[in-house]
Amino acid sequence: MNRIVSTDTAPPPFSDYAQAMEAPAGARTLYVSGQVGINMDGTMPDDPLEQHENVWRHLFAILAAADMGPEDIVDVRCFINSHEEVPRYREIRDKMLAGIKVPSTMVVAPLADPNWRVEVAVTAAKA
């Protein structure tokens, strides 16, 4: 089982995520490419919340294909297109992870398609 690592000798997280995560020796590792909020038919939802939720649905589907789940995530890399998306991203991340704390990095920068509000990649590990 993956183990959260934290210390009081480094600054605490800014929101609901872990400072670090340790995977056990011999764990299988899965690197999931960045997922964006498109629908399964390739269309982009107009609703920003739906885009954020789609990202996590896609990530969970890929994890399931590898016999893994959200509890196996050891790293999240989030890219969002504007500072206005930060609260929305955090709200949906926390909702979709349902209390699971994982290390998380966020970058605010233009994405490959200007209609994309968010892109998230994860790394997962399972013994």
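The values are calculated or read from the model by the stated rules, or taken from the named source; none is laboratory data. Predicted model only: the values in this text are computed from it and were never measured. Here Cβ is always computed from backbone atoms with ideal geometry, including for glycine, and neighbour counts include all displayed protein chains.
A few remarks follow.
- Any chance residue 92 is in contact with a His (Cβ under 8 Å, 6 or more places away or on another chain) and part of a helix (DSSP H, G or I): yes
- Residue under evaluation residue 17, criteria (1) surrounded by fewer than 14 Cβ atoms within 10 Å (Cβ to Cβ); (2) of a type in the set (Ser, Thr, Tyr); (3) in contact with a helix residue (DSSP H, G or I) (Cβ under 9 Å, 6 or more places away or on another chain), criterion not met: (1)
- Residues that are under 20 Å from residue 62 (Cβ atoms) and either part of a loop (DSSP other than H, G, I, E, B) or more than 19 Å from the chain's Cα centre (by Cα) (or both), drawn from the range 18-42: 23, 27, 37, 38, 39, 40, 41, 42
- Verdict on residue 110 being in a loop (DSSP other than H, G, I, E, B) and modelled with pLDDT under 95: no
- Filtering the range 60-81 for residues that are surrounded by 17 or more Cβ atoms within 10 Å (Cβ to Cβ), at negative phi, more than 13 Å from the chain's Cα centre (by Cα) and not hydrophobic (A, V, I, L, M, F, W, C) leaves a non-empty set.
- Filter result for residue 64 (assigned to a helix (DSSP H, G or I) and free of Cβ contacts under 8 Å to residues at least 24 places away in the same chain): yes
- Every residue from the range 30-58 that is surrounded by fewer than 13 Cβ atoms within 10 Å (Cβ to Cβ) and in contact (Cβ under 8 Å) with a residue 60 or more places away in the chain: 31, 33
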